[in-house]
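One structure below.
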Amino acid sequence: LFLGSMDIRHVVVGTLGAIPFTLLGEYLQIQWLCWLCKPISATGFLWAAWITKQSTRSVPSQTFFSNCIVVGLVLGWLGDICLIPAGGDTAIFQAGVAAFLAGHIAYVCAFINYGGPLSVKWLALSAASVISFSSAVLYFWLFPHLPANMQAWVVAYIVVISSMVISAFGMYGGATTTRTKTTSHNSKRQQPQQQQQQLRSNNNNKYLLLLLGAVMFYFSDLAVARDRFVQPGVINGVFGQPLYFGAQLLLACNFGPQKQLPLSNH
């Protein structure tokens, strides 16, 4: 719905279309195929972000939000490249984890900035208990399988990605509530009711897709953790890679400016 242009639709198709070939390369242990196809998918969501970014140049109030999302996507690209090499090199894997960790922090900054203070966002507060519980379960599931040199990394990563999802709920709850009220108040006498409802619907859908991207990212990381620490296998990629690249595409395609309707002449 919010892919924006035919150019982005082509990018989305290319990004997702390369995933099966990456999985095939991993299953058959064909490294050149992995090195060819995974960067195509990773570069795809950067390309989509570049297209979306063009629409934010005329909206200074959203510059910080959009810049944080772009930084997160670039760091995700770096993380993807670090996770390509086979052989289980811990240093390279840690570099990839560090890139994703920093990327999630960028997303947290974006969501908090866009949604407002979390303390007044009931949706974030409600989500916090659920996400915190599930993350605790995740840690105790992984802990018996973690090597000593990865325990601190995993704890930090769980904390940050949980914060990212919670802040995304806060963004959704805060942005839809605050901006809907503002739009309704400012345009009560200037825009037909049907236009106001369409505006709310369009913007709420955008916020919902950003939230969905954050949640998909969370679950895709479960597949990465299972593959690395619990039970390696191509099934982890079959589950995780579509979720991950789908999440990055949702973030890349939906951080553009809030849609505005022209004021009525009446």
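The values are calculated or read from the model by the stated rules, or taken from the named source; none is laboratory data. Fair warning: this is a prediction, and the values are worked out from it, not measured in the lab. Note: ideal-geometry Cβ built from the backbone for every residue, glycine included; neighbour counts use all protein chains shown. Side chains are part of the model used for accessible areas, which takes the heavy atoms of the whole protein and leaves out ligands, DNA and RNA. Shrake-Rupley method; radii C 1.70, N 1.55, O 1.52, S 1.80 Å.
Residues of the stretch 139-153 being farther than 20 Å from ALA91 by Cβ, out of contact with any helix residue (DSSP H, G or I) (no Cβ under 6 Å at 6 or more places or on another chain) and surrounded by 13 or more Cβ atoms within 10 Å (Cβ to Cβ), which ones?
Passing the criteria: only TRP141.
Mind checking which residues of the stretch 234-249 are open to solvent by 30 Å² or more (accessible area, probe 1.4 Å) and over 15 Å from ALA42 (Cβ atoms)?
Correct list: VAL234, ILE235, VAL238, PHE239.
If you check ALA91, ALA98, which single one turns out to be closer than 24 Å to VAL224 by Cα, within 17 Å of the chain's Cα centre (by Cα), modelled with pLDDT of 85 or more and assigned to a helix (DSSP H, G or I)?
Values: ALA91 fails: within 17 Å of the chain's Cα centre (by Cα).
Among ALA91, ALA98, only ALA98 is closer than 24 Å to VAL224 by Cα, within 17 Å of the chain's Cα centre (by Cα), modelled with pLDDT of 85 or more and assigned to a helix (DSSP H, G or I).
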